[in-house]
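Let me begin by presenting the structure, written as structure tokens, before commenting on it.
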2 protein chains.
Amino acid sequence: MTISISERTKERLLYLMRLLENHALAGNSGPVTSAQVEHLTGWSRDTIRKDISSLNGDAAGNNAGYDPQLLIPVIKKALGLDRRRKFCVVGLGRLGSAYLNFTPPDLAEFELAAGFDANVNRVEMLRSPAPLYPAYKLGEVISRFAIEIALICVPAEAAQAVAEKCVAAGIQGILNFAPAALSLPPEVAVRNVYVADELRSLCVRMR
Amino acid sequence: MTISISERTKERLLYLMRLLENHALAGNSGPVTSAQVEHLTGWSRDTIRKDISSLNGDAAGNNAGYDPQLLIPVIKKALGLDRRRKFCVVGLGRLGSAYLNFTPPDLAEFELAAGFDANVNRVEMLRSPAPLYPAYKLGEVISRFAIEIALICVPAEAAQAVAEKCVAAGIQGILNFAPAALSLPPEVAVRNVYVADELRSLCVRMR
């Protein structure tokens, strides 16, 4: 069954899932009430109830609250996070190599499949939990291993060309760490993670 | 004059400012129409017009569109981005040292004032555009230089303690790169930048 969920609802469900995970990780067992969620998120109880009932009204909640153990898998499934996806890191400078070696427990949904860099020395010298390749093999490796996601960590001036190569090879989602706006076909999902924008967003909330 | 703007409007204005900057950077001169903004953002023209008129109905727009050169400073001022703020990087591993050396042109609003690490060798060896200090000097340096923002790049298990020390020394905004939820007084602004969450948000938009 495919459920159609609005973008806003998806964002809220994703955030709720994270709260439920943290609740469980913090050693709490038992249900989370919609009042608690309201307190933590600022969303109204009605909104929360509506979001959750859009998935599955019965399985995960009742008057006592939502059981994280039941609700998390329901949300994961609805959001398409219930299967493991392969990702690669393109550009292995400081930032790229940091993400190469960044495997916290909740990245279990994601499998680092490859890293790429134009500098062959760097490819040979870096320690990595996944195989590294010179940049010219990017297209071949992405399609051979059916890698779906690329973290783009190259300099701004190289980002557009690299992104186009990734997309041509089958990449469907890009986390763009390069400070450059990418122009790509609309079916490719792009998220920009850019420290200047993050700093600005932070400032806007600081005053 | 202080203008009270809703959080959602602030987010939209921030994004609009970025679009206008990119428009200008891409070598375009002349106005941007609300139809173009609608196309790029998906927000309705009415929303865009309302957001902008909440700032300053006259100065920046007319029927021909919005002039980036006029509108950008108006938005910056309204969002409190019109003065330079000092930030520091706490934790100088791969990620932290990447941000230490990350000074794109549009970070002009932000001044890297210091870096900190518990490892004294690292503090002495790393090349940096700003002075680096051992971790025990964190409180003293933050208050002496009136640093307002901290990028926290320490391991997850150290993040809460480091954040508390930053806040005690006067930090008002934190970009948290550690995969740990921080528990801080409500007057401190926190943004979590966490690759697992970014990957999930990306996936949700990929299907």
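The values are calculated or read from the model by the stated rules, or taken from the named source; none is laboratory data. Predicted model, so just to flag it, every value in this text is computed and none were measured. As a convention, Cβ positions derive from the backbone with ideal geometry for all residues, glycine included, and neighbour counts pool all protein chains shown. With ligands, DNA and RNA removed, areas are computed over all heavy atoms of the protein, side chains included. Shrake-Rupley method; radii C 1.70, N 1.55, O 1.52, S 1.80 Å.
For chain A, the mean projected area of the C-alpha convex hull, equal to one quarter of the hull surface, is 13.8 nm². Computed on region A:128-207, with alpha-carbon pairs under 8 angstrom and 6+ residues apart, the relative contact order is 26 percent.
Over the whole of A:141-154, what's the average partner chain Cβ count within 10 Å per residue? Rounded to a whole number, please. Walk me through the intermediate numbers first.
Numbers: counts 0, 0, 0, 0, 0, 0, 0, 3, 4, 0, 4, 0, 1, 0.
Mean partner-chain Cβ count within 10 Å for A:141-154: 1.
Averaged over the residues of peptide B:75-85, the number of Cβ atoms from other protein chains lying within 10 Å of each residue's Cβ is 2. Inter-chain Cβ neighbour count for A:175-186, averaged per residue, equals 2 (cutoff 10 Å, partner chain atoms only). The angle between the Cα long axis of helix A:68-78 and the longest principal axis of the Cα atoms of chain A comes to about 50 degrees, rounded to the nearest 10.
Using a 1.4 Å probe over protein heavy atoms, the accessible area lost on pairing B with A, summed over both chains, comes to approximately 5200 Å². The antiparallel fraction among DSSP beta bridges confined to the protein assembly as shown stands at about 10%.
Keeping all protein chains in place and using 1.4 angstrom, which order do A:Arg85, B:Arg45, B:Arg84 fall into by accessible surface area, from largest down?
Details: A:Arg85 15, B:Arg45 95, B:Arg84 140 Å².
Output order, biggest surface exposure first: B:Arg84, B:Arg45, A:Arg85.
In chain A, the longest principal axis of the Cα atoms and the axis of helix A:7-25 are about 80 degrees apart.
When both region B:24-43 and region B:94-159 are represented by their alpha-carbon centers, they are found 36 Å apart.
Normalising by the residue count of chain B, find the relative contact order in percent from Cα pairs under 8 Å and 6+ residues apart.
With pairs under 8 Å counted, the relative contact order is 14 percent.
Helix-only estimate, please: 222 nm mean residue ellipticity of chain A, summing -39500 (n - 2.57) across DSSP H runs of length 4 or more and dividing by its residues, to the nearest 500. Could the numbers behind the result be given before it?
On the way: 9 runs with 94 residues, N = 207.
Value at 222 nm, helices only, nearest 500: -13500 deg cm²/dmol.
From most to least packed by mean Cβ count within 10 Å, the peptides A:164-176, B:124-136 give A:164-176, B:124-136. Taking Cα centre as origin and charging only the Cβ of basic (Lys, Arg, +1) and acidic (Asp, Glu, -1) residues, the dipole magnitude of chain A rounds to 140 debye.
Amide H contacts for A:Val89 (H built 1.01 Å from N in the peptide plane; partners 5 or more residues away or on another chain; cut-off under 5 Å): A:Ala114, A:Gly115, A:Phe116, A:Leu151. For the protein assembly as shown, the square roots a ≥ b ≥ c of the C-alpha gyration tensor eigenvalues yield an a/c under 1.5, which makes the shape rounded. Charged neighbours of B:Pro134, selected by a Cβ distance under 12 Å, balance to -1 (K, R count +1; D, E count -1). Axis of helix B:156-169 versus longest Cα principal axis of chain B: the two differ by about 80°, to the nearest ten degrees.
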